[in-house]
Amino acid sequence: MNQEDMANELSRILKIMCGLDPTTEKYGDTLDHYSKLMSTFHKELESCNSDLENSSKLKLDEMTLKAKELEMQLRTEEAKENSKKAKREAWFGLIKIGLLILGMLFGIILTGSLEQSTILSQKCFSFVSKLMPKIL
């Protein structure tokens with residue numbers, strides 16, 4: 001018997017009890033039947049409520065577990081992203097250092113070649129300047 005049937009039966013028994021004389025034995029039997037059915041009805045309601053509470057608690061636990069799994073997944077992805085970012089920054093740092101070293105080497109070579117050409121041009125010009133007074 002489901003709860004609706006029990007409620008209908010309780011209502012029917014109550015109507016019967018209203019028509020009976022409270023001093024008769026049939027009224028006492030009907031009252032016992034009514035109280036037993038009412039007790040069963042309340043137990044059924046409590047059982048349904050506890051099932052609902054357990055079901056709600058299970059759903060809440062599942063949702064909490066899913067939220068924790070999602071949070072862990074997000075943290076893992078964030079850690080991977082931070083690791084990639086750190087590696088990228090390290091490579092950029094190494095590239096900057098390499099370019100700085102190449103620039104310094106280029107500057108040294110350029111300075112050396114300019115010095116060399118200046119020395120050579122001074123010697124060449126000194127030769128030309130020695131010849132110039134003789135020609136003029």
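The values are calculated or read from the model by the stated rules, or taken from the named source; none is laboratory data. Given the structure is predicted, the values throughout are model-derived calculations rather than measurements. We place every Cβ from the backbone using ideal geometry, glycine too, and count neighbours over all the protein chains shown.
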**Fill in**
Of (1) surrounded by 10 or more Cβ atoms within 10 Å (Cβ to Cβ); (2) at pLDDT 85 or above, ASP51 satisfies every one except (2)
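Is it the case that some residue within the range 89-109 is assigned to a helix (DSSP H, G or I), acidic (Asp, Glu) and over 30 Å from MET6 (Cα atoms)? Talk me through it step by step, then tell me what you get.
Taking the range 89-109 as the starting set, the residues that turn out to be assigned to a helix (DSSP H, G or I) are 89-109.
Checking which are acidic (Asp, Glu) leaves us with 89.
Among the residues that remain, those that are also over 30 Å from MET6 (Cα atoms) are: 89.
Yes, that holds for at least one residue.
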**Asked** If a residue has to be among the polar types (S, T, N, Q) and closer than 17 Å to ASN2 by Cβ to count, how many in the range 25-41 make the cut?
**Response** 2
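Quick check on the range 19-26. Is at least one of its residues part of a helix (DSSP H, G or I) and surrounded by 11 or more Cβ atoms within 10 Å (Cβ to Cβ)? I'd like the intermediate steps shown before the answer.
Quick first cut of the range 19-26, residues part of a helix (DSSP H, G or I) only: 19, 25-26.
Among the residues that remain, those that are also surrounded by 11 or more Cβ atoms within 10 Å (Cβ to Cβ) are: 26.
Checking the range 19-26: at least one residue is part of a helix (DSSP H, G or I) and surrounded by 11 or more Cβ atoms within 10 Å (Cβ to Cβ).
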**Asked** Which residue, of LEU131, LEU120, LEU105, is at pLDDT 65 or above and on the phi < 0 side of the Ramachandran plot?
**Response** LEU105
